[in-house]
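Read the structure below first, then the notes.
The values are calculated or read from the model by the stated rules, or taken from the named source; none is laboratory data. Since the structure is predicted, the reported quantities are computational estimates derived from the model, not experimental observations. Note that we place each Cβ from the backbone using ideal geometry, even for glycine, and neighbour counts take in every protein chain shown. Ligands, DNA and RNA are excluded from the accessible area calculation, which covers all protein heavy atoms including side chains. Shrake-Rupley method; radii C 1.70, N 1.55, O 1.52, S 1.80 Å.
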Amino acid sequence: MLDLARLRALHAVHVHGSVGAAAEALGYTPSAVSQQVAKLERETGATLLERQGRGVVLTDAAVLLVDTAARVLSLVEEAEVALEERRGRPSGRLTVAAFSTAARGLLPGVLAELSAAHPALDPRLVEEDPHATPRMVAQGVVDLAVVHDWDIAPMSVPEGVARARIGRDVCDVLLPPGHPLARLPVLSRRDVASARWICQPPGTVCHDWLMRTLRAVGVEPDVVHLVGEYQTQVALVAAGLGIAMVPRLGRGAVPDSVVVRPLDPAPVRGVSVLWREGTSRRPAVAEAVRVLREHARER
């Protein structure tokens, strides 16, 4: 009989693309994942992973097992949901993925409340880019994901993933005090179009929004610094190296060396929570969504 833990390990290698990434997602060491796959190879009498450069690829036999593992893990999840529903209280492990500012500005209070109110619940946080998290939810890597999107770049979610809007996050323009635009009480998009920008790297939602927005007013954005962390962006603005557009969620206190101005129309990110439709009845999921709504409403 095939061992569920070994199937889970192989499935994780498929989902995450490498033994190391699978180990990180499962909370194991890479050696432990490799041992699980090796035992599965002995059980099945088939080679499952082959070396390719510095990584590994799944063989045809492994792909067959992964398809089976996905169905088995789905059935196991159904059973776990049914048992928790029968107990009538949130319990077990609940993994939540969130983008960086939500992880800093929203999730600490949410996780603290869940832990205090439900001792049998084990909530865990994974910080991830919102581009990646819908697939992670769909594949069962995480139970919930807090994501954001913009009006001009709406996020699509995979089939079988439920979504609920829980709040909105307004963004402001941050400038050095001596910047010519700092004297204006409100900025337009044309005002800031030709500025030197500090922005997140390409491929992120925020970078895509800035590119589309400024190109819409006929200007190619001059992005001089590509920085992922908003706190680092604030530091660069304070040093007079450019301007940045930073969301209020998780921003924290802004130093006196930085001027904050609203943009009209205001850039607004929609904040949503995702979960698998099959887990909607799970008390832990329902309770986490409720608490997320409450905390987001207070922002």
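Summary of values
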{"read-out": "Sole exception among (1) under 30 Å from Ala238 (Cβ atoms); (2) assigned to a strand (DSSP E or B) for Ile166, by number", "value": "(1)"}
{"read-out": "Any hit, segment 176-192, residues being closer than 19 Å to Val268 by Cα, in a strand (DSSP E or B) and of a type in the set (D, E, K, R)", "value": "no"}
{"read-out": "Yes/no for Pro201 being in contact with a Ser or Thr (Cβ under 6 Å, 6 or more places away or on another chain), at negative phi and open to solvent by less than 50 Å² (accessible area, probe 1.4 Å)", "value": "no"}
{"read-out": "Failed condition for Pro247, given (1) at pLDDT below 95; (2) farther than 20 Å from Val186 by Cβ", "value": "(2)"}
{"read-out": "Which numbered condition Leu144 misses (of (1) within 14 Å of the chain's Cα centre (by Cα); (2) modelled with pLDDT under 95)", "value": "(2)"}
{"read-out": "Checklist (1) open to solvent by 30 Å² or more (accessible area, probe 1.4 Å); (2) modelled with pLDDT under 90; (3) hydrophobic (A, V, I, L, M, F, W, C) applied to Trp150, failing item", "value": "(1)"}
{"read-out": "Residue match in segment 270-279 (condition: surrounded by fewer than 16 Cβ atoms within 10 Å (Cβ to Cβ) and either among the hydrophobic types (A, V, I, L, M, F, W, C) or at positive phi (or both))", "value": "no"}
{"read-out": "Count of segment 40-59 residues which are open to solvent by 40 Å² or more (accessible area, probe 1.4 Å) and farther than 21 Å from Asp3 by Cβ", "value": "6"}
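Matching residues to (1) in contact with a helix residue (DSSP H, G or I) (Cβ under 9 Å, 6 or more places away or on another chain); (2) surrounded by fewer than 21 Cβ atoms within 10 Å (Cβ to Cβ); (3) modelled with pLDDT of 90 or more:
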{"residue": "Asp191", "(1), (2), (3)": "yes, yes, yes"}
{"residue": "Val205", "(1), (2), (3)": "no, yes, no"}
{"residue": "Leu214", "(1), (2), (3)": "yes, no, no"}
{"residue": "Val237", "(1), (2), (3)": "no, no, yes"}
{"residue": "Arg251", "(1), (2), (3)": "yes, yes, no"}
{"residue": "Val260", "(1), (2), (3)": "no, yes, yes"}
{"residue": "Glu287", "(1), (2), (3)": "yes, yes, yes"}
